[in-house]
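Presented below is the structure to which this report refers.
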């Protein structure tokens, strides 16, 4: 039963990814005063399927002197880690339930760094290697702040189970209890998913296309799918942890789509930061703030228990 439901959910997520790419191209088009894709089908609705077919039927190139096996497996590993993350989806019917869902999320996001690092290194390209090194430094740095922010919210619930966030936010969202942490979380989500203005792993102006520059056809499509699945999942986690987690309501999914739209809107509005400012932001601002909040909430908890 679990496998059937998980397979159905993965198919829905993949369809969602295809239409999120269409939404992104449309929103960026209107931000830049143009229409975006509008020729293929009604209002360009068939464009994602056309792009997918084009990607998978293109020729698979192989860089000279690349480490073939790691080069080939890295995009599959990245996609597999994204699929694994989606097993955490908090089903209300008891199909499968993670009592330590938050810990599992931290482990999976930490593992995905290896896929990016190996894909850049195995390509045997200076641009790809530099992009992967940037990405590894960026993701590891922001993971520290992200984990501290999650621990601050876990103190409210006293559980790592995602379903408990629904029960404890019945009357009030956690966002209202820690608004600065919520904005730090949103910025960390941008950095974790390599999105603008933190997309230094794919800095087109100086790195061509970053760690995926040597990939084509299916390998590039897998990296692309993995990135957008992670964006939708981070939107889900934001809605679960901070915005009520009302799983039995349609409003829950509207909130997820609103956060996905916010990811796209930020890309169209903000320019790319300088790399040293990115590192300064997490180590000098997000980490001290989240640590102070953590100590504050922990002290309140100890006082209440005493």
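The values are calculated or read from the model by the stated rules, or taken from the named source; none is laboratory data. Every value quoted in this text rests on a predicted model; they were computed, and no experiment measured them. Reconstructed Cβ throughout: ideal geometry from the backbone, glycine too, with neighbour counts over all protein chains shown.
In table form, for the structure just shown:
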{"item": "Tabulated pairs, region 211-222, first on the phi > 0 side of the Ramachandran plot and buried (at least 20 other Cβ atoms within 10 Å of the Cβ), second assigned to a helix (DSSP H, G or I) and at pLDDT below 80, C-beta under 8 angstrom, 6+ apart or interchain", "result": "none"}
{"item": "Tally of residues being surrounded by 15 or more Cβ atoms within 10 Å (Cβ to Cβ) and more than 16 Å from residue 223 (Cα to Cα) across region 68-84", "result": "0"}
{"item": "Test result for residue 249, over 16 Å from the mean Cα position of the chain (by Cα) and loosely packed, with under 13 Cβ neighbours inside 10 Å", "result": "yes"}
{"item": "Flag for residue 148 being at pLDDT 85 or above, part of a helix (DSSP H, G or I) and surrounded by fewer than 19 Cβ atoms within 10 Å (Cβ to Cβ)", "result": "no"}
{"item": "Region 117-128: number of residues that are surrounded by fewer than 19 Cβ atoms within 10 Å (Cβ to Cβ) and within 22 Å of residue 279 (Cβ to Cβ)", "result": "3"}
{"item": "Hey, residue 186 in a helix (DSSP H, G or I) and more than 23 Å from residue 264 (Cβ to Cβ) or not", "result": "no"}
{"item": "Helices (runs of 4 or more DSSP H) enclosed by region 231-306 - at least 2 residues per element that are without any contact (Cβ under 8 Å) to a residue 60 or more places away in the chain and under 15 Å from residue 181 (Cα atoms)", "result": "287-305"}
{"item": "Check on residue 136, in a helix (DSSP H, G or I), more than 18 Å from residue 201 (Cβ to Cβ) and in contact with a helix residue (DSSP H, G or I) (Cβ under 6 Å, 6 or more places away or on another chain)", "result": "no"}
{"item": "Test: residue in region 292-300 that is closer than 30 Å to residue 89 by Cβ and loosely packed, with under 13 Cβ neighbours inside 10 Å", "result": "no"}
{"item": "Matching residues in region 39-55 - criterion: being exposed (fewer than 14 other Cβ atoms within 10 Å of the Cβ) and either in contact with a helix residue (DSSP H, G or I) (Cβ under 6 Å, 6 or more places away or on another chain) or not in a helix (DSSP H, G or I) (or both)", "result": "39, 41, 45"}
{"item": "Test result for residue 87, surrounded by 18 or more Cβ atoms within 10 Å (Cβ to Cβ) and either over 16 Å from residue 229 (Cβ atoms) or in contact (Cβ under 8 Å) with a residue 40 or more places away in the chain (or both)", "result": "no"}
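Table: residues versus (1) touching a helix residue (DSSP H, G or I) at 6+ places or on another chain (Cβ under 7 Å); (2) modelled with pLDDT of 90 or more; (3) assigned to a helix (DSSP H, G or I); (4) buried (at least 17 other Cβ atoms within 10 Å of the Cβ).
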residue: 3; (1), (2), (3), (4): no, no, yes, no
residue: 10; (1), (2), (3), (4): yes, no, yes, no
residue: 20; (1), (2), (3), (4): yes, yes, yes, yes
residue: 37; (1), (2), (3), (4): yes, no, no, yes
